[in-house]
1. What is the number of the single condition among (1) modelled with pLDDT of 95 or more; (2) of a type outside the set (Asp, Glu); (3) not in a helix (DSSP H, G or I) that Gly108 does not meet?
2. Which of the following residues is more than 27 Å from the chain's Cα centre (by Cα) and modelled with pLDDT of 95 or more: Thr38, Thr84?
3. I'm trying to understand the selection: among the residues of region 22-37, which are surrounded by 10 or more Cβ atoms within 10 Å (Cβ to Cβ) and part of a helix (DSSP H, G or I)?
4. For the list (1) part of a loop (DSSP other than H, G, I, E, B); (2) farther than 30 Å from Lys27 by Cα, I need the number of the one condition that Lys48 fails.
5. Would you pick out the residues in region 55-91 that are surrounded by 10 or more Cβ atoms within 10 Å (Cβ to Cβ) and of a type in the set (D, E, K, R)?
6. Condition test on Ala49, is it out of contact with any helix residue (DSSP H, G or I) (no Cβ under 8 Å at 6 or more places or on another chain) and of a type in the set (Gly, Ala, Ser)?
7. Looking at Leu43, is it in contact with a Ser or Thr (Cβ under 8 Å, 6 or more places away or on another chain) and modelled with pLDDT of 95 or more?
Amino acid sequence: MLKTRGPVGLLGDCLSRRIGDMAQRKKLSTTIGSESFTYLHRLVKAGKATSVGEAVDKTVAIARRLESRAKLELNTAAYFAQITPDAAAQENALANALSDASMEVDFGQP
């Protein structure tokens, strides 16, 4: 079994930490529409992204958030469509209590 000591071990340890700290990125090579291309480059030019890759990441993150919100909205509507009147009354009472409690919170204070 080979044991590494000294500079070789230290170098390996140093590289491992650096590689572990880097965000995991995947290579993407594709053709996109001219409007999308222009949009991504406009984000970079406006300083909203440091690279086209970051612009893609940010755009995908927005799309994923919108998709998640739509899914939550559908699931919430489905939940309230199937609950009993008593459960709906309890939900409304809880909503009112939370609303009243939030009126007492000073959101301007740390």
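The values are calculated or read from the model by the stated rules, or taken from the named source; none is laboratory data. Being a predicted model, the structure only gives us computed values, none of them experimental. Note that we place each Cβ from the backbone using ideal geometry, even for glycine, and neighbour counts take in every protein chain shown.
1. That leaves (1) as the condition not met.
2. Numbers: Thr38 fails: more than 27 Å from the chain's Cα centre (by Cα).
Testing whether each residue is more than 27 Å from the chain's Cα centre (by Cα) and modelled with pLDDT of 95 or more leaves just Thr84.
3. Ser36, Phe37
4. (2) is the only condition that Lys48 fails.
5. Scanning region 55-91 gives Asp57, Lys58, Arg64, Arg65, Glu67, Arg69, Lys71, Glu73, Glu91.
6. Numbers: out of contact with any helix residue (DSSP H, G or I) (no Cβ under 8 Å at 6 or more places or on another chain): no; of a type in the set (Gly, Ala, Ser): yes.
Here the answer is no, as Ala49 does not meet what is asked.
7. Numbers: in contact with a Ser or Thr (Cβ under 8 Å, 6 or more places away or on another chain): yes; modelled with pLDDT of 95 or more: yes.
So Leu43 fits the description; yes.
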